[in-house]
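> Quick one: structure below, then a few questions.
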Amino acid sequence: MSRPRCLAAGGLEPSDAMLQAEVPAPESIDDPPIGVEAAARLMAGVGFVAFRSAAWPGSTADSCLMVAIHDAPTRRHFDAERIDYWTTSSGRGRPVELDRCSAVPFVRDFSWGQIRLVDRFGAHNTFAAFGGELSGESVGDGARLFIFRSSAPILRLGGHSQRPDRLATDVVSFFAQLVPHVWAGQNERLVAASPSLDLYAAFLLHMNARITRSAAL
């Protein structure tokens, strides 16, 4: 079964039907899951939505980040002009940048690390992710929609328009401790090939070990 499309070709402009059906935008990883269609409706009034998706038949629930990049700023909300994230090429991690000139449509993998949304003033909103699938498509005139999906949590690290999720800074610390171990090419290829849930499980084991060693915790 294929995934449902998140937006029709009508674009990101709000309609009466959209506004009537709108649900509050999630502000935390702890908020209840919402459907991808509900998140798509929210994109009419915000520049990005981070949410846990409700499971649909034949799938498990995902953690998602939807980001719109417009040819011209809407001036209604945080307008991302650039998305920075990590991918793996030939077993090595490398940074990638998306903007209004990025070719769409596409579907590709993204790697573990930080995802950063940057607007024209240099303000940013940042996330920590364990890897997953990234898609891009054109939605109406002058807008591109990029969707990060992961079986593991995509956590808010804070920034211009959001508060950090619990454990988000711990994930960044875990990544920082992981980096020296992947300098050897064989280790980096091994980590890069690991499913997102395996990396998330490794993080949880790392946190459990820290708590076990701490007398205060």
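The values are calculated or read from the model by the stated rules, or taken from the named source; none is laboratory data. Computed from a prediction, not measured in an experiment: that's the story for all the values here. Because the Cβ atoms are built from the backbone with ideal geometry, glycine has one as well, and the counts that use them run over all protein chains shown.
> Could you go through the range 50-59 and let me know if any residue there is in a strand (DSSP E or B), among the polar types (S, T, N, Q) and touching an Asp or Glu at 6+ places or on another chain (Cβ under 6 Å).
Going through the range 50-59, the residues in a strand (DSSP E or B) turn out to be 50-53.
If we keep only those that are among the polar types (S, T, N, Q) as well, we get 53.
Now drop any that are not touching an Asp or Glu at 6+ places or on another chain (Cβ under 6 Å), which leaves 53.
Yes, the range 50-59 has at least one match.
> Under 8 Å between Cβ atoms, which residue pairs at least 6 apart in sequence (or on different chains) link something in the range 199-217 that is surrounded by 10 or more Cβ atoms within 10 Å (Cβ to Cβ) with a partner that is modelled with pLDDT under 90 and part of a helix (DSSP H, G or I)?
So the pair list comes out as Leu199/Val191; His206/Gln177.
> So which of Leu167, Leu117, Leu178, Leu190 ends up being surrounded by 15 or more Cβ atoms within 10 Å (Cβ to Cβ) and over 18 Å from the mean Cα position of the chain (by Cα)?
Working: Leu167 fails: over 18 Å from the mean Cα position of the chain (by Cα); Leu117 fails: over 18 Å from the mean Cα position of the chain (by Cα); Leu190 fails: surrounded by 15 or more Cβ atoms within 10 Å (Cβ to Cβ).
Among Leu167, Leu117, Leu178, Leu190, only Leu178 is surrounded by 15 or more Cβ atoms within 10 Å (Cβ to Cβ) and over 18 Å from the mean Cα position of the chain (by Cα).
> Could you grab me the full set of residues in the range 71-105 that are farther than 18 Å from Ala128 by Cβ, surrounded by 12 or more Cβ atoms within 10 Å (Cβ to Cβ) and touching a Gly at 6+ places or on another chain (Cβ under 6 Å)?
If the condition is that a residue be farther than 18 Å from Ala128 by Cβ, surrounded by 12 or more Cβ atoms within 10 Å (Cβ to Cβ) and touching a Gly at 6+ places or on another chain (Cβ under 6 Å), then His77, Phe78, Asp79, Val104 are the ones that fit.
> Separate question: Could you say which residue among Ala215, Ala209 is at pLDDT below 95, in a loop (DSSP other than H, G, I, E, B) and over 26 Å from Glu27 (Cα atoms)?
Residue meeting the stated conditions: Ala215.
> Yes or no: the range 137-158 includes at least one residue that is assigned to a helix (DSSP H, G or I) and farther than 16 Å from Val49 by Cα.
No, every residue in the range 137-158 fails to be assigned to a helix (DSSP H, G or I) and farther than 16 Å from Val49 by Cα.
> Let me ask something additional. With the requirement that a residue be of a type in the set (Phe, Trp, Tyr) and without any contact (Cβ under 8 Å) to a residue 40 or more places away in the chain, what does the range 101-125 give you?
Let us first name the residues in the range 101-125 that are of a type in the set (Phe, Trp, Tyr), namely 106, 110, 112, 121.
The answer is Phe106, Phe110, Phe121.
> On to the next question. Within the range 99-138, how many residues are of a type in the set (Val, Ile, Thr) and closer than 19 Å to Ala176 by Cα? I'd like the intermediate steps shown before the answer.
Filtering the range 99-138 for residues of a type in the set (Val, Ile, Thr) gives 104, 107, 115, 118, 126.
With the extra rule that they be closer than 19 Å to Ala176 by Cα, the set shrinks to 115, 126.
Counting residues in the range 99-138 that are of a type in the set (Val, Ile, Thr) and closer than 19 Å to Ala176 by Cα gives 2.
> Examine the range 116-137 for a residue that is over 22 Å from Leu197 (Cβ atoms) and acidic (Asp, Glu), and state whether such a residue exists.
Checked against the condition, which is being over 22 Å from Leu197 (Cβ atoms) and acidic (Asp, Glu), the range 116-137 yields at least one hit.
> Working only within the range 120-134, note down all residues that are of a type outside the set (Val, Ile, Thr) and buried (at least 18 other Cβ atoms within 10 Å of the Cβ). Steps first, answer last, please.
Our first condition is that a residue be of a type outside the set (Val, Ile, Thr); within the range 120-134, this holds for 120-125, 127-134.
Scanning the range 120-134 gives His124, Asn125, Phe127, Ala128, Ala129, Phe130, Gly131, Gly132, Leu134.
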